[in-house]
Structures are given as structure tokens and as C-alpha cells.
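Just below is one structure, and these are the notes that go with it.
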Amino acid sequence: MISMELFPTIDIQEFRKDQLAGNQGYLYSELRGEHHIARPHQHHFFLLVLFDQAEGVHTIDFKDYHIDRHQIHILFPKQVHSWKLGPNTTGFQLMVDREYFEKFSPNFRFSFAYYQRNPVISLSNETFALLYYEFNAIRKELEDHNCVPAIIYSRTAVIASILSKEVQKVVQNEQNNESNPRLLKLQELIDIHFRHEKSVSFYAKELNISTPHLTKICRQKLEVSPSQLIQQRTILEAKRLLKATDLSIKEISFKLGFVDSPYFSNFFKQHTGLNPKQFRTD
């Protein structure tokens, strides 16, 4: 059987040596100065990185995000990332084991698909101060020999609620708000079905709207068509498979629902400018 682990997957236990505080389900550490992750990897855990003074580039699912002061970066389990942090970087990391993450995750007001597509949130000074207070309070509780898990759960839930409030501000500033829940649901559906369902009509039916209406919403709000969203998700998965597995081009084609490898190769080159073999060795 072919393993579905596309990138090296790091467990929370592997970061214990660098922790400032932690318990079985949580780990707190700090980032100070220059730091590079040369090889992209994914985690089994949920990660929040609160940057104070910072510079560099954080690559999440093959997209580069400029790191700046007063940002929070959100990574869900299985997202692929690497980064290059400059010498003036100061950041605070909160790692949460998947089992514990599920306990407070309902406090994220929006679909996970939204945060995965928008993993970097710029913060006002006031919001940064609120989050830093909660991070520091969690660190102190984890350092306490009489640590009370319920306190940590509650404070992590507060962090999730603060982030949801920040996202709400962005959403409220957008026009035609009512389409957003459908777009978030569409992104979830694509993530589940993109390997075998390439038809826009399938997703329109799942959303209980017409295909033309779904296309209109996507073009108005995202400036892309539903077909392009499906294609983008397919390309992301193809990049993961090409970089992190030894699957043949033919095997990857089959996994992604293509009828043959030449069709897949042409599709990949059309969207990336490289054929799959070139991308793998680049």
C-alpha cells in the first residue's frame, strides 16, 4: 500500500527539547533571531505563531507570506510549511495536540477552510496586546506544577474567539456578505471531492444553487471561476505529491483523477510553467 504521508510529518513531542513550558497536549516556545526551515514539512498538531517584531517569509501550502510585526499565523494539522525568519524576529509559538485542538475548535466562528486560505492575520496594537496576554497566561499556567487543564482550554478558546472577531471585521467590510458562507462551504467541498469531482455542476448541486449562480458568486467575490478553484486545489495536491513522494507521474495522475499521465502533465505545465518532472527536480 502506498503511504499517503506527502511530507515529513512532525509530532508535537519532537519539539519538547525547545519548549519553555508544556504538558501532554500543549507546548509553548519562543522564536528569537534568525531561523530557517529548509525542507517543507507538516505537523500532526495545530500551531499558532504570534509575531511581535518580525521579518522574513513564511511559505504555507506553497504560497509565500511576508512576515511583519504584529501578525498571527495559523496552521492546521497537515498543512505544509517552511520559513526564513530574519535576525530581528521575535515570535511566540503555541502548539496544540490534535486531540486537544478539537476541544476548543468550535470557538473558531468561521469554517476552517477560511483560515486555511487566509492563514496570516495582521493585528492592531490593541489586538496584539490581547493575544500576547493570553499567550503569556498560558505559558505561566503550563509552568505551574499544579497546572489546571481547564484554564488552558479556556484561554485557548479566548484566542480562537479573538481571531474570529478579527476575521469578522474583514468579512463585514466586504460587499455582498451573504455569499461568504456558500464560498466557505464550496472550499470545504472542493477539499473533500476535488480528486474525483471536477464538474462545477456537482458542487452547485451540493450547495443547492444553480451552476450559473455559483459561477457568478465566485467571480464577484474571488475573481476566479469555480473551475479555477478546483484546478488550484488539484495543482496544490500535485505539488505535494511530486515534492514529497516517490510516486511515478502515472501514479500521481491516477490519484488526482486524470485519465492518463500525458493529460496530467499538460495540465500541470499549463498552470505552473513546468512539467511535473521539472517541478520535482527544481
Next item on the list: With a Förster radius of 25 Å, plug the Cβ-Cβ distance of Asp246 and Ile192 into 1/(1 + (r/R0)^6) and report the FRET value to the nearest 0.05.
Entry: 0.45
Next item on the list: Kindly write out, for the stretch 141-158 in residue order, the coupling ³J(HN,Hα) from the Karplus curve 6.51 cos²θ - 1.76 cosθ + 1.60 (θ = phi - 60°), rounded to whole Hz, with x marking Gly and Pro.
Entry: 5, 5, 6, 6, 5, 9, 3, 9, x, 4, 5, 5, 4, 5, 5, 5, 5, 5
Item checked: Peptides ranked, highest mean first, by Cβ atoms within 10 Å: ranges 66-73, 265-272, 30-37 -> 66-73, 265-272, 30-37
Next item on the list: Hey, can you grab everything whose amide H is under 5 Å from the amide H of Leu31? Only 5+ residues off in sequence or another chain; H modelled, so Pro and N-termini drop out.
Entry: Gly91, Phe92, Gln93
Checklist line | Most to least packed among 254-260, 146-152 [average Cβ atoms within 10 Å] | finding: 254-260, 146-152
Notebook entry, point to check: Residue farthest toward the positive end of the dipole of the chain, with Cβ of Lys/Arg at +1 and Asp/Glu at -1: which of Tyr100, Asn125, Ser253?
Noted result: Ser253
Notebook entry, point to check: Tell me, what is the 1.4 Å probe accessible area of His196, in Å² to the nearest 10?
Noted result: 140
Next item on the list: At 1.4 Å probe size, with every protein chain present, just tell me what the per residue accessible area of the chain comes to in Å².
Entry: 52
Notebook entry, point to check: With +1 on each Lys and Arg Cβ and -1 on each Asp and Glu Cβ, how big is the dipole of the stretch 9-175 about its Cα centre, in debye rounded to the nearest 20?
Noted result: 240
Margin query: Just want to confirm a number: the relative contact order over the chain, from Cα pairs under 8 angstrom separated by 6+ residues, in percent.
Written below: 15
Next item on the list: Starting at the first residue of the stretch 123-140, write each ³J(HN,Hα) from the Karplus equation 6.51 cos²θ - 1.76 cosθ + 1.60 with θ = phi - 60°, in whole Hz, x for Gly and Pro.
Entry: 10, 6, 4, 5, 5, 4, 4, 4, 5, 4, 4, 5, 4, 5, 5, 5, 4, 5
Check: So how strong a dipole does the chain carry about its Cα centre when Lys and Arg Cβ are +1 and Asp and Glu Cβ are -1, to the nearest 20 debye?
Finding: 880
Margin query: 7 Å from Cα along Cα→Cβ at both Arg69 and Ser227: what's the point-to-point distance in nm?
Written below: 4.7
Margin query: Given a 10 angstrom Cα cut-off, can you work out which residue in Arg98, Arg155, Arg39 is the most mobile in a GNM of the chain?
Written below: Arg39
Note to self: On C-alpha positions alone, give me the angle between the axis of helix 261-272 and the longest principal axis of the chain, in degrees, nearest 10.
What the structure shows: 60
Note to self: Rounded to the nearest percent, how much of the accessible area of the stretch 9-175 (1.4 Å probe, protein heavy atoms only) is carbon and sulfur?
What the structure shows: 48
Notebook entry, point to check: Under a 1.4 angstrom probe, counting protein chains only, how are Phe46, Phe62 ranked by accessible area, largest first?
Noted result: Phe62, Phe46
Next item on the list: Could you point to the residue in Gly56, Pro276, Ala160 farthest towards the positive end of the chain's charge dipole, with +1 and -1 charges on the Cβ of Lys/Arg and Asp/Glu respectively?
Entry: Pro276
Check: How would Val120, Val167 line up by accessible area, probe 1.4 Å, largest first?
Finding: Val120, Val167
Check: Under 5 Å between amide H atoms, partner at least 5 residues away or on a different chain: which partners does Tyr65 have, H built in plane at 1.01 Å?
Finding: His58, Thr59, Ile60
Check: Roughly how many percent of the accessible protein surface of the stretch 181-281 is carbon and sulfur, given a 1.4 Å probe and a whole-percent answer?
Finding: 50
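The values are calculated or read from the model by the stated rules, or taken from the named source; none is laboratory data. No experiment lies behind these values; they were computed from the predicted model shown. Note: ideal-geometry Cβ built from the backbone for every residue, glycine included; neighbour counts use all protein chains shown. Quick note on the areas: whole protein, heavy atoms, side chains included, nothing else; ligands and nucleic acids left out. Shrake-Rupley method; radii C 1.70, N 1.55, O 1.52, S 1.80 Å.
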